[in-house]
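Okay, structure first, notes after.
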Amino acid sequence: QVQLVESGGGLVQPGGSLRLSCAASGFTLNSYVMSWYRQAPGEERELVASVTSASDTNYRDSVKGRFTISRDNAKNTVYLQMNSLKPEDTALYYCNARWYYCSGYVCSRDYWGQGTQVTVSS
């Protein structure tokens, strides 16, 4: 069965660090664009970072220089290293896998994890 399972979230003080992990099973992520999204209460889900099957990365402006997305195809896992965390980073973080060759809004190979909570507070 296709699954994405996030882990590594928790409570951290401002300026602290966390590393989120997204473990894939039931498929291999080498042909997928892997992304991290986040959603705060009452707000829309937003893209945080993505990495293509060619390991090219993109970040939203607010996390550039602080977050790093990486993939380990041998472990079938994607990571999000988060440093210098701020209270505004507080959200439920989701892992997403989208088949590299999907180009439209609807994709039959588009998978989501259950989310892991990140709370940044003193």
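The values are calculated or read from the model by the stated rules, or taken from the named source; none is laboratory data. Computed from a prediction, not measured in an experiment: that's the story for all the values here. Don't worry about glycine lacking a Cβ; one is built from the backbone with ideal geometry, like all the others, and counts go over all protein chains shown. Areas reflect the complete protein model, heavy atoms only, side chains present, ligands, DNA and RNA absent. Shrake-Rupley method; radii C 1.70, N 1.55, O 1.52, S 1.80 Å.
Find which of Leu18, Ser62, Thr52 sits farthest along the positive direction of the dipole of region 6-80, computed with +1 on the beta-carbon of Lys and Arg, -1 on that of Asp and Glu, about the Cα centre. Checked the options; the winner is Leu18.
Rolling a 1.4 Å probe across the protein heavy atoms gives the chain an accessible surface of 54 Å² per residue.
Around the Cα centre of the chain, unit charges on the Cβ atoms of Lys, Arg, Asp and Glu (plus for the first two, minus for the last two) sum to a dipole of about 220 debye. Working note: Cα gyration tensor of region 30-122, eigenvalues times five, square-rooted, sorted largest first, giving semi-axes of 23, 15, 12 Å.
In plain terms, the chain is cut at each of the GluC sites (Glu not before Pro) found in a DSSP loop with at most 13 other Cβ atoms within 10 Å, and the longest leftover piece is 45-122. Here the Gaussian network model covers the chain, with springs between Cα atoms less than 10 Å apart; of Ser53, Ser35, Ser108, Ser108 fluctuates the most. Cα centroids of region 76-100 and region 8-75: 3 Å apart.
In the chain, the DSSP beta bridges split such that about 95 percent are antiparallel, to the nearest 5.
As a length-normalised measure over Cα pairs under 8 Å and 6 or more apart, the relative contact order of the chain settles at 36 percent.
Kirkwood analysis of the Cα pair distances in region 1-83 returns a hydrodynamic radius of 13.5 Å.
Solvent-accessible area of the chain (1.4 angstrom probe, protein heavy atoms only): carbon and sulfur portion equals 45 percent. Mean-square fluctuations from a GNM of the chain, with a 10 angstrom spring cutoff on Cα atoms, peak among Leu47, Leu20, Leu80 at Leu47.
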